[in-house]
Amino acid sequence: MISNYIMPLIVLFVLFYAILKKVDIYDTFIDGAKESFEIVLKIFPSLLAMVLAVNIFIKSNIIANLFGFINFIPSEILPMILTRPISGTSSLAVLTNIYKTFSPDGYIGTLASFIQGGTDTTFYVITLYFGSIGIKKIKYALWAGLFADILAIILSFIMTSYLF
């Protein structure tokens with residue numbers, strides 16, 4: 001019930017604070033909207049390319065064919081393993097499809113849940129955090145992040161096998 005009131009309370013707090021500080025709320029809002037539109041125009045091509053690539057991987061059988069020789073990894077989990085380091089939203093969509101098809105309580109649903117909870121969007125995090133402060137040489141951050149993701153995926157298989 002509290003969650004229904006949090007956003008309106010935050011908006012009211014910002015409005016009252018702006019009035020208290022004598023800020024022109026409308027003009028400030030319009031300036032912020034203009035800035036956000038420019039940012040969206042700059043990142044849209046990258047987002048479109050990423051969404052297109054992720055959808056091609058998910059909709060095609062390329063993943064299953066490439067990794068078909070690995071018998072202990074269910075082919076239904078492979079799109080999630082490949083999309084999770086790139087996009088949290090895409091991997092969440094894959095997770096939702098897995099839940100619809102296999103149930104959240106089954107082996108594949110539980111494994112997908114462990115992978116979703118244990119891994120991170122490594123490429124997104126590195127791009128966002130390093131890019132926002134202007135670091136161009138990431139040294140070992142990418143490899144450390146991917147190693148942590150691989151370790152989390154392996155532990156997800158171990159934990160799910162233990163539970164089933």
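What follows draws every value from the coordinates through simple rules; no lab data is involved. Bear in mind the structure is a predicted one, so any value in this text is a computation, not a measurement. As a convention, Cβ positions derive from the backbone with ideal geometry for all residues, glycine included, and neighbour counts pool all protein chains shown.
Would you mind telling me which residue in 123, 44, 102 has the biggest mean-square fluctuation in a Gaussian network model of the chain, where springs connect alpha carbons within a distance under 10 angstrom?
With Cα springs under 10 Å in the chain, the top fluctuation among 123, 44, 102 is at 44.
Give the Rg/Rh ratio for the chain, taking Rg as the radius of gyration of the Cα atoms and Rh as the Kirkwood radius, to two decimals.
1.09
Sum -39500 (n - 2.57) across every DSSP H segment of at least 4 residues in the chain, then divide by the residue count to get the 222 nm mean residue ellipticity, nearest 500.
Computed mean residue ellipticity for the chain: -25500 deg cm²/dmol.
Within the chain, what's the longest run with no trypsin sites (Lys or Arg not before Pro) in a DSSP loop and at most 10 other beta-carbon atoms within 10 Å? Give the range, please.
Counting at most 10 other Cβ atoms within 10 Å as exposed, the longest clean stretch of the chain is 23-135.
Between residue 49 and residue 29, what length comes free when the chain is fully extended (0.36 nm per residue of separation minus the Cα-Cα distance, one decimal in nm)? List each step's numbers first, then the result.
Numbers: separation 20, 0.36 × 20 = 7.20 nm, distance 3.02 nm.
Answer, rounded to one decimal: 4.2 nm.
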